[in-house]
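What follows is a single structure, and I will ask about it in a moment.
FYI, it's all coordinate maths here, none of it is from the lab. Everything numeric here is computed off the predicted structure, so don't read it as measured data. Please note: Cβ atoms are built from the backbone with ideal geometry, for glycine as well, and neighbour counts cover all protein chains shown.
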Amino acid sequence: FGYGHAVSVIIVSEGATSWDVFPAAKDVILYEQQGCLSPHIIYYEGKISVSLGLLEPCFEKCCFDLRVPPVTAHKAITVRQARDVALFSGWQVLGDESFQTTMIINNKPTPYPEPVGHSVIYISPVQSPENLRELLQPVWGIVTCAGVAGELSSQWGSVLREAGVSRICKPGEMQTPPLDWANGNRDLLAELLRLPQ
């Protein structure tokens, strides 16, 4: 169907609680971030009210619940390189010794990163809808889904729609879209019905 490469994002609105954010672990870990519904960065509005120290064990529990297999040597090298680059840049890195999950935290607004995969998630502040527009420029037009923790104002929603987002849902629901989801703002069911028999 010619969808091409696409990515997803998580937005944590100001006032969101830890319980709103914790389900995001499932979205990050499922399918090793290889699909268009996989987020690679979490943007949080204002001062983060979610304890990152509590988010880390959520990732570990999710790996256990989903029976995530051990990381191969090749994947471990890829994750280690991403961690080293982040540390060299002065960013905070949280992750387990087996390289199954990694959180890379920058205290300054960060443009959408080059996806690493293998449950590597970046975490960055975002200051305003216009700031989000700037940060999403590297993937503008190919952002397919946004997991939103808390309330989303119309201004934030407009930027996400302009960036290509065709689905907005709660964290934890990103990887399970409904059958009638208009992926890429296209009606897939209608296109399937038009295929020659």
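From the backbone phi of the range 128-145, what are the Karplus-calculated ³J(HN,Hα) couplings (6.51 cos²θ - 1.76 cosθ + 1.60, θ = phi - 60°) in whole Hz, Gly and Pro given as x?
My calculation for the range 128-145 gives 6, x, 5, 5, 4, 4, 5, 5, 8, 4, x, 10, 4, x, 10, 8, 9, 9 Hz in order.
Also, quick follow-up: In degrees between 0 and 90, to the nearest 10, how far off the longest principal axis of the chain does helix 73-88 point, with axes built from Cα atoms?
Helix 73-88 sits at roughly 70 degrees to that axis.
I'd like the trypsin sites (Lys or Arg not before Pro) in the range 59-107 restricted to DSSP loop residues with at most 12 other Cβ atoms within 10 Å, sorted by number.
Taking the range 59-107 and a limit of 12 other Cβ atoms within 10 Å, the loop trypsin sites (Lys or Arg not before Pro) found are 67.
Contact order normalised by length for the chain, with contacts defined as Cα pairs under 8 Å and 6 or more residues apart; what percent is it?
27 percent
What are the ³J(HN,Hα) couplings of the range 158-174, residue after residue, when phi is run through the Karplus curve with 6.51, -1.76, 1.60 and θ = phi - 60°? Round to Hz, x for glycine and proline.
4, 4, 4, 4, 5, 6, x, 4, 10, 8, 10, 8, 7, x, x, 10, 5
Another question, if that's okay. Would you please name the chymotrypsin sites (Phe, Trp or Tyr not before Pro) within the range 3-49 that are DSSP coil residues with at most 16 other C-beta atoms within 10 Å of their C-beta?
Loop-located and lightly packed - 3.
Any idea what the relative contact order of the range 31-145 is, in percent, if you count C-alpha pairs under 8 Å spaced at least 6 apart?
For the range 31-145, the relative contact order is 35 percent.
Give the long-range amide H neighbours of residue 41: residues separated by 5 or more places, or on another chain, with amide H under 5 Å away, using H modelled in the peptide plane at 1.01 Å from N.
Those lying under 5 Å, H to H, from residue 41 are 10, 122.
Moving on. Which shape class applies to the range 1-117: rounded if a/c is under 1.5, otherwise prolate when a/b exceeds b/c and oblate if not, where a ≥ b ≥ c are the square roots of the Cα gyration tensor eigenvalues? Show your work: numbers first, answer last.
Details: a/c = 1.24, a/b = 1.17, b/c = 1.06.
Since a/c stays below 1.5, the shape of the range 1-117 is classed as rounded.
Take the chain, connect every pair of alpha-carbon atoms lying under 10 Å apart with a spring to form a Gaussian network, then pick out the residue of 71, 116, 165 with the largest mean-square fluctuation.
Maximum fluctuation in the GNM of the chain, among the listed residues, is at 71.
Take the chain, connect every pair of alpha-carbon atoms lying under 10 Å apart with a spring to form a Gaussian network, then pick out the residue of 57, 171, 39 with the largest mean-square fluctuation.
Of the options given, 57 has the highest mean-square fluctuation.
If you stretched the chain out fully between residue 161 and residue 133, how much longer would it get, using 0.36 nm times the residue separation minus the C-alpha to C-alpha distance?
That works out to 9.0 nm of additional length.
Just to confirm the number: angle between the C-alpha axis of helix 52-65 and the first principal axis of the chain, 0 to 90 degrees, nearest 10?
70 degrees
Taking the Cα-to-Cβ direction at residue 114 and at residue 32 and moving 7 Å from each Cα, how far apart do the two end points lie in nm?
1.9 nm
Taking the simple approach of a point 7 Å from Cα along Cα-to-Cβ for both residue 179 and residue 154, what is their distance in nm?
Roughly 3.4 nm, to one decimal.
So how many Å³ per residue does the convex hull of the Cα atoms of the chain work out to?
In the chain, the Cα hull volume divided by residue count equals 130 Å³.
Can I ask one more? What's the local net charge at residue 96, with K and R +1, D and E -1, over the other residues with C-beta under 14 Å away?
Values: positive: 61, 75, 80, 83; negative: 56, 60, 97.
The answer is +1.
Also, quick follow-up: Please compute the net charge surrounding residue 135, taking Lys and Arg as +1 and Asp and Glu as -1 over other residues with Cβ under 15 Å from its Cβ.
Once all neighbours under 15 Å are counted, the net charge is -3.
Based on the Cα atoms of the range 58-99, what semi-axes does the equivalent ellipsoid have, where each is the square root of 5 times one gyration tensor eigenvalue, given in whole Å with the largest first?
For the range 58-99, the ellipsoid semi-axes come out as 22, 14, 5 Å.
Could you pull out every one of the aspartates and glutamates with an alpha carbon less than 19 Å from that of residue 61, ignoring same-chain neighbours closer than 8 positions?
Cross-link targets: 20, 27, 32, 96, 97, 173.
On a 22 Å Cα-Cα criterion, which of the cross-link pairs 26/75; 75/108; 26/170; 108/170; 47/170 come out too long?
Working: 26/75 19 Å; 75/108 28 Å; 26/170 12 Å; 108/170 25 Å; 47/170 20 Å.
Those over the limit are 75/108; 108/170.
Short version: ³J(HN,Hα) in whole Hz for each residue of the range 30-40, in order, from phi by Karplus 6.51 cos²θ - 1.76 cosθ + 1.60 (θ = phi - 60°), x for Gly and Pro, what are they?
So the J values, rounded to whole Hz, are 4, 6, 6, 6, 8, x, 6, 8, 8, x, 10.
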